[in-house]
Each structure stands twice: as C-alpha cells, then as structure tokens.
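Input: a single structure, listed below in structure tokens.
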C-alpha cells in the first residue's frame with residue numbers, strides 16, 4: 001500500500017456515501033470505529049446529527065465526497081471560537097461525562113473534555129450563527145460530583161452570563177445531573193438567561209448517540225426567553241423530541257434509556273422538535289438582572305432511606321454528627337414508629353429533619369395517619385412534593401444561610417425555584 | 001324526637017335510596033360519616049362495591065329500603081365462617097393498614113383488624129361460595145413492619161395453605177407492601193396456591209375507596225392456577241382493572257393514587273377485570289408440593305442511598321457493624337470513587353455489598369465506565385434489574401443461610417422468585 005493509496009482510504013471526519021446490503025444509500029460524516037460499533041459496521045453521522053450504523057453491501061466501496069477538515073483538537077482548557085463580534089455568544093461549561101467523551105477524528109482517541117472546537121464540529125451550524133466560548137472547570141464522571149464543585153460551577157455560570165453569554169450550556173454526566181440542576185437552581189435564583197444541562201446516555205461515537213440532538217436542542221433554547229436552570233434530554237426513545245425539564249423537578253428514572261429523565265410531579269417546561277421550541281407550561285423569563293450566586297452549600301447533610309429493619313440504633317449512627325437530615329420515608333412520609341424518638345432528639349440538638357417519600361411521585365402528607373402526626377409532632381419538616389434529591393440539595397443550601405431551626409423550616413417550606421408544586425401542607 | 005322517630009332515621013348499614021341535586025337516584029348501603037367525606041355528603045356503597053359520595057337534593061329524604069343487619073363485630077382475633085364443608089376455603093391473614101380499617105356499621109368505629117365477618121360483609125358474594133377463615137397475627141400500620149413479622153407471616157401462610165386453603169389473602173398497609181411481598185416470595189419459594197397481598201389507598205368508608213374492588217380481585221385469583229406471591233391493586237385510576245404484580249417486582253410509585261403500585265422491569269402477571277382474570281405473562285402454577293418456609297432473615301442489613309456529598313467517613317459510619325449492605329447507587333450502579341476504598345474494606349471484613357440503582361428502572365451494569373469497573377474490583381455484587389428494596393430483603397434472606405462470601409454472591413446472582421429478569425451481568 002503506497003502513501004497515496006493510504007491517503008485515498010476514507011478516514012474518520014470525511015464526508016462519505018455508502019450503500020448497505022439492502023441497497024439503501026447513506027451520506028454523512030464517517031465516524032471513528034468504536035468497540036460498541038460491532039464488527040463490519042460503519043458509523044455515519046447523518047446531517048440530522050443522528051449517528052447510524054451501516055453494514056455495507058459486500059461489493060460496495062465507501063465513496064469519499066469531501067475530505068474531512070479534522071485537525072486534532074488538543075485543547076483541554078478554556079477556548080473561544082469568535083467568528084463575528086455581532087453574533088450571540090453561547091457559553092459551554094463542560095464538566096465531563098459521556099457527552100464530553102468526544103472522539104478526536106484523527107486519532108480516534110476519546111477526549112476527556114469538550115473544547116469549543118469539538119462542540120462546533122458536533123453541531124456544525126453553530127459556527128456560522130454563534131460565537132462559542134468554552135470553559136472546562138473540571139472533567140469528571142458525574143458520580144464524583146461534590147457540593148464544592150456545584151459552587152464552582154455556579155460561579156462560572158454567573159460570570160459567563162454577566163459577561164454577555166445569551167445562554168450557558170453545561171455538558172454533564174447523567175448520573176448526578178438531576179442533583180446538579182437542583183443545586184444550580186437554588187444557588188442562582190435570579191438569571192438573565194437559560195442554564196441548560198445536557199447529557200448523553202450513549203457516547204458520541206456510538207450509533208444511536210443522543211449527544212448531538214440534545215446539544216442542538218440546548219442551542220435552540222439559548223435563543224428563547226427562558227431564564228431558568230433546566231435539563232434538556234431525549235423526551236422519547238425515538239429521536240424526535242427533546243424534553244426540557246425544570247432543574248428542581250427532573251430525575252433520572254432509567255439506567256440506560258435515552259429518555260431516562262422525567263419531570264416528576266410537574267409538567268415538562270418545553271419540548272424541542274427540530275428547530276421548534278414549544279413551551280408547554282409556565283416558566284421564568286429573561287430579565288435585566290445580573291446573575292448572582294446566593295448562599296452556599298452545607299455539605300454535612302445526609303439522605304437516609306427508611307425501610308423495615310432500620311432500627312433506632314442504626315438510624316442514630318447514620319445521622320450522627322449531621323447538620324441536617326433528609327429522609328426518604330415510605331408512603332405519605334412515614335418511618336417506623338420506633339424511630340420517632342430519634343427524630344425528637346435531632347430536633348433537640350438543632351438538626352432539622354426533612355421528610356420526603358421514596359414513592360417519588362405524589363406529595364408527603366403526614367396529617368392522614370397517626371404515625372405521620374407523631375412524626376410532625378417531633379418537628380419534622382414536610383417536603384411536599386419535592387424530590388428526595390432536591391430536598392437534600394435545598395437543605396444544604398438553607399443550612400449554609402441559617403442555623404436557626406424555625407428559619408430553616410420556613411425556608412424549606414417556601415418555594416424558591418419551582419421545587420414545590422401544589423398547596424403547602426404542614 | 002321520640003324513640004320511634006329516632007329508629008326511623010337511616011343508620012349506617014341500612015339499604016337506602018337517595019336523590020342528588022341533579023335528580024340522579026342512587027341505591028346502596030349507607031356508610032358511616034367520615035372526616036374525609038365532607039360536610040353534607042352522604043356516602044353510599046353501591047352494589048358494585050364502589051363507594052360514592054352523594055350531595056342530596058335540598059328537599060329530598062333518604063328512603064330506607066331495608067334495615068341493616070349490622071351486629072357490631074367485636075372479634076379481633078382468628079375467626080371462621082363455615083357455611084358448607086364442600087366449598088373452597090379462603091384464608092385471610094390480616095396485618096392491618098388502611099384496608100383493614102373496616103368500619104363497624106353500627107358504632108361507626110374503625111376496626112383495627114379485619115374479621116371473617118367484616119370480610120364477608122365487604123364482599124357479600126363470598127359467603128355463598130367460600131368458607132372464609134381469618135387470622136390476625138398482628139394489626140399494625142405497615143411502616144412498623146419488621147423482618148421478624150415477615151417470618152411470622154410466612155409461617156402462618158404455610159400453615160393455612162397446608163391446612164387446605166385454596167389461597168391466602170393478606171390485607172396489608174401499602175407503605176411497605178412491596179417489601180413484605182418480596183420477603184414472602186423468598187421465604188416461601190414453593191407454594192401450592194396463591195398468596196395475594198391486597199391493600200387500599202383510600203379507607204373503606206371513603207367515597208372512591210379501592211378496598212372492595214381489590215379484595216374482590218384477590219378472591220377471583222384464588223380460583224385460578226396461580227401459585228406465587230403477588231400484589232393485587234388498582235391498575236389504573238379508574239375502577240376498571242386490578243393489576244396483579246409479582247411480589248419481587250412491585251413498587252409503590254405514588255404516595256396517594258389508587259394505581260400506586262407498578263411492576264418494575266417486568267410485565268404485570270395478570271389483570272382482573274370484573275369476573276375475568278386475564279394472564280398476561282409467565283407465572284408459576286399450582287403444584288402438589290406443600291408450602292414450606294425456607295431460610296430466615298438476617299435483620300442487620302442496611303440500605304444506603306448514594307448522593308453527591310456522601311463522604312467515605314459518613315459512609316463508613318452508616319455501614320458500621322452491618323452484616324450486609326445494599327447500595328442504591330447512581331445510574332448504572334455507581335458511587336463516588338472516593339467510596340471505593342470503603343467497599344474494599346467491607347469485603348475484607350466479610351460483609352457482602354450489593355449494588356442496585358436509584359434510577360429504579362433498568363439494570364445495573366458496572367462494566368461500562370471506569371468507576372463501575374473499580375466497584376466490581378472491590379467485590380461488589382451487581383443486583384441486575386432487582387429493585388433496591390427486593391435486593392435488601394434478598395440479602396437478609398441469603399445471609400440467614402450462609403456467611404460465606406462467595407456463596408452469598410452466587411445466591412444473590414441466582415434467580416429464586418422472579419426477582420432477576422434479563423441476562424446475568426457480573
């Protein structure tokens with residue numbers, strides 16, 4: 001094989017045309033081979049942004065339509081692509097996760113973080129319409145997210161918005177994306193524009209990756225009057241709709257499906273279908289207020305799941321030394337009556353206890369049964385229809401601002417960022 | 001008012017006819033007034049078993065069609081109604097909960113437990129067709145359920161089936177009904193007939209109570225060839241269908257809806273619509289083997305929810321002294337990499353750790369990402385698509401039978417009662 005022959009082999013990043021065994025022809029960008037692609041499968045990124053796996057007809061060749069312009073993108077820190085000072089600015093604050101596993105088209109290696117360059121390549125229409133700024137404060141798998149990183153992220157988001165970004169897109173691992181969205185919702189109660197967390201359940205180099213479509217939807221949202229922290233992820237298992245969930249109301253409800261995220265006890269805010277953004281419920285609109293980080297996060301708050309067999313002794317160990325406790329109780333917000341004495345002790349020690357439900361859907365109501373009424377008497381704060389994860393993050397935020405029990409209670413009961421729907425029950 | 005006048009006032013338990021403000025006429029049994037009924041509302045139990053709340057027309061009187069034959073039922077222990085030795089026997093093992101809050105028609109007081117008498121009154125067609133035996137081992141709100149009570153319950157169920165009951169119906173509070181169903185599934189791996197847990201999200205004296213319809217469906221199931229532990233609860237928010245869920249696969253997914261229970265990662269076994277039982281997926285059929293309690297339950301197993309901010313130090317406190325640990329990790333079964341050292345220590349101390357997902361839907365798979373692979377290297381046992389609650393109960397059951405780490409692992413990975421669907425991933 002001569003150098004020339006080699007040069008004429010199709011390479012990742014080239015625009016190609018290929019025919020499959022059923023005679024169907026596909027045109028798009030050739031993606032690098034990936035362990036998940038399967039042997040004999042060629043992955044093509046279609047103009048829709050959707051990757052498909054094609055098994056070529058035995059006698060067919062891959063036709064190169066256009067050589068890829070794929071310089072290896074070695075940047076891993078902050079980067080800008082400024083094409084025209086008059087275009088709106090989108091800020092990408094990348095944190096890692098599957099969606100940030102972008103593949104270098106030349107080397108086939110997986111980037112741990114996303115640069116402006118990667119991003120523009122994933123969503124080619126961007127460079128003509130936006131100036132893209134990228135910041136990469138850290139690049140982690142999202143199970144390693146911490147409250148300290150949430151504060152760092154909130155500060156960067158505020159900076160970017162105040163520096164003129166029309167919206168901030170945060171690529172993020174899906175494992176803890178719901179928690180991060182809730183944290184940013186409380187830390188940034190006022191926003192001049194949207195903050196959109198976006199993830200991917202399948203990495204970008206796999207057939208059926210959801211990364212590009214979710215990113216495209218996030219870009220579309222920066223052009224609307226939305227000014228909330230939201231999550232944009234596939235709304236169905238098909239590639240038709242991206243659902244936009246309120247940051248305090250979204251939960252990952254499936255380990256692997258692309259439509260894993262669901263709005264719980266709340267309608268979705270919007271759906272993005274192609275270029276259209278359809279708003280479906282109330283949302284906060286852009287205002288001329290600058291973004292500002294409010295409060296911090298008390299890290300020493302525990303989330304305890306209650307279950308038959310959880311004894312007072314074990315519970316007492318689990319909450320030892322905590323500054324605050326969130327319980328995911330059973331049903332309407334119950335724990336074994338044998339634990340109620342421990343709840344009383346926590347109150348005496350100035351440790352607020354918040355009750356949520358492990359049912360996830362519905363609202364806690366501790367006025368219906370005797371156990372609930374006794375839990376209320378022990379001073380436990382009902383979390384209404386708040387998700388356990390959102391209540392955890394909110395209690396961290398509240399306790400960074402007050403250590404007064406009745407003030408903490410009042411803050412927990414007062415809606416801040418759409419985390420409580422429905423009527424106040426206490 | 002004379003004694004005679006008083007006697008002619010309609011009383012709870014009487015068969016009445018009433019006209020509402022829209023001119024509609026309702027006929028049925030007058031139910032006692034309840035705090036939830038609302039002022040001016042009369043609750044009538046229709047012949048369908050459904051309770052409706054009627055607001056009478058201002059000028060209308062309640063017409064008494066037949067005096068109630070409602071002797072106060074003061075029994076709270078075991079009781080039998082034997083009408084014909086040739087009829088099949090249904091055994092009711094009542095444990096308490098909303099469904100057992102049957103109202104005494106004469107006094108209006110709420111029974112803490114259900115007697116055979118109450119049961120026959122709730123489902124009148126019973127007495128002609130079945131001999132009903134009732135046992136009330138305890139009467140609790142289900143948040144107070146314990147592993148020791150599960151064993152007691154399993155033993156009674158086995159006794160009843162071996163004494164000739166064609167099926168056992170267990171009225172149970174909904175809070176922990178899923179946990180109990182899983183526990184009975186493991187403790188009773190062989191059954192000659194069905195064990196049906198049945199609950200109610202609205203107490204029997206309220207309009208829209210689901211108690212009677214769920215009970216009726218349970219009765220119907222005793223006439224089939226089913227021989228598994230199942231949960232029978234409303235399948236939709238209407239009163240049309242009762243869904244039958246496998247005991248190891250059912251989870252309470254709403255705090256208050258009547259269709260709160262869902263089969264997770266598994267189809268429902270059957271639907272009961274009117275008198276018809278429609279089987280929709282594979283199930284275990286009656287066999288001539290006697291029921292037998294296998295194993296016990298090690299109570300000292302912990303269920304730990306992982307979240308950002310959970311430090312190694314706190315985790316270590318939470319699991320201190322445990323014989324086994326189940327984690328509800330994020331996504332495909334992850335925890336912060338800072339906890340992996342603690343997982344290794346647990347293995348060194350002979351404490352099995354099982355990984356489930358807080359996503360609830362889907363299956364854990366720790367071979368996809370580096371964190372998962374490191375968790376696997378630390379000896380953690382993947383729970384496949386088992387619910388966190390089912391994994392907790394199964395680990396209690398396994399550790400009552402072995403303290404050998406590799407034997408415990410093998411038992412956790414081997415399906416016993418339909419708790420694992422799909423392919424084994426380890």
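The values are calculated or read from the model by the stated rules, or taken from the named source; none is laboratory data. Bear in mind that the values here come from a model prediction, so they are computed numbers and not experimental data. Positions of Cβ are backbone-derived with ideal geometry, glycine not excepted, and every protein chain shown enters the neighbour counts.
Some points to look at:
- Among the residues listed as A:121, A:149, A:133, the single one being modelled with pLDDT under 85 and assigned by TED's automatic domain parsing to the domain that holds residue A:95: A:121
- Residue within the stretch A:328-336 that is at pLDDT 95 or above, closer than 19 Å to residue B:313 by Cβ and not assigned by TED's automatic domain parsing to the domain that holds residue A:265 present: no
- Residues of the stretch B:340-382 classified as at the interface with another protein chain (Cβ under 10 Å from one of its Cβ atoms) and surrounded by fewer than 24 Cβ atoms within 10 Å (Cβ to Cβ), total: 8
- Contact map, the stretch A:139-158: first residue more than 13 Å from chain B (Cβ to nearest Cβ) and crowded, with 24+ Cβ neighbours inside 10 Å, second residue at pLDDT 95 or above and outside any helix (DSSP H, G or I), Cβ cut-off under 7 Å, separation 6 or more or different chains; pairs are A:154/A:188; A:154/A:293; A:157/A:168; A:157/A:188; A:157/A:195; A:157/A:291.
- Taking the listed residues B:299, B:276, the one that is within 14 Å of chain A (Cβ to nearest Cβ) and surrounded by fewer than 20 Cβ atoms within 10 Å (Cβ to Cβ) is B:299, with no other qualifying.
- Some residue of the stretch B:191-200 being more than 14 Å from every other protein chain (Cβ to nearest Cβ), in contact (Cβ under 8 Å) with a residue 24 or more places away in the chain, surrounded by 21 or more Cβ atoms within 10 Å (Cβ to Cβ) and out of contact with any strand residue (DSSP E or B) (no Cβ under 8 Å at 6 or more places or on another chain): no
- Answer residue from the stretch A:241-257, given it is in contact with a helix residue (DSSP H, G or I) (Cβ under 9 Å, 6 or more places away or on another chain) and within 14 Å of chain B (Cβ to nearest Cβ) and is nearest to residue A:209 (Cα to Cα) among those: A:252
- Strands (runs of 3 or more DSSP E) wholly inside the stretch A:51-97 that include at least 3 residues being within 30 Å of the chain's Cα centre (by Cα) and at pLDDT 85 or above: A:89-93
- Subset of the stretch A:245-256 [part of a loop (DSSP other than H, G, I, E, B) and either within 11 Å of the chain's Cα centre (by Cα) or modelled with pLDDT of 95 or more (or both)]: A:247, A:248, A:249, A:253, A:255
- Residue list for the stretch B:162-185, filter: surrounded by 24 or more Cβ atoms within 10 Å (Cβ to Cβ) and either in a loop (DSSP other than H, G, I, E, B) or more than 14 Å from chain A (Cβ to nearest Cβ) (or both): B:165, B:167, B:168, B:169, B:170, B:171, B:172, B:173, B:174, B:175, B:176, B:185
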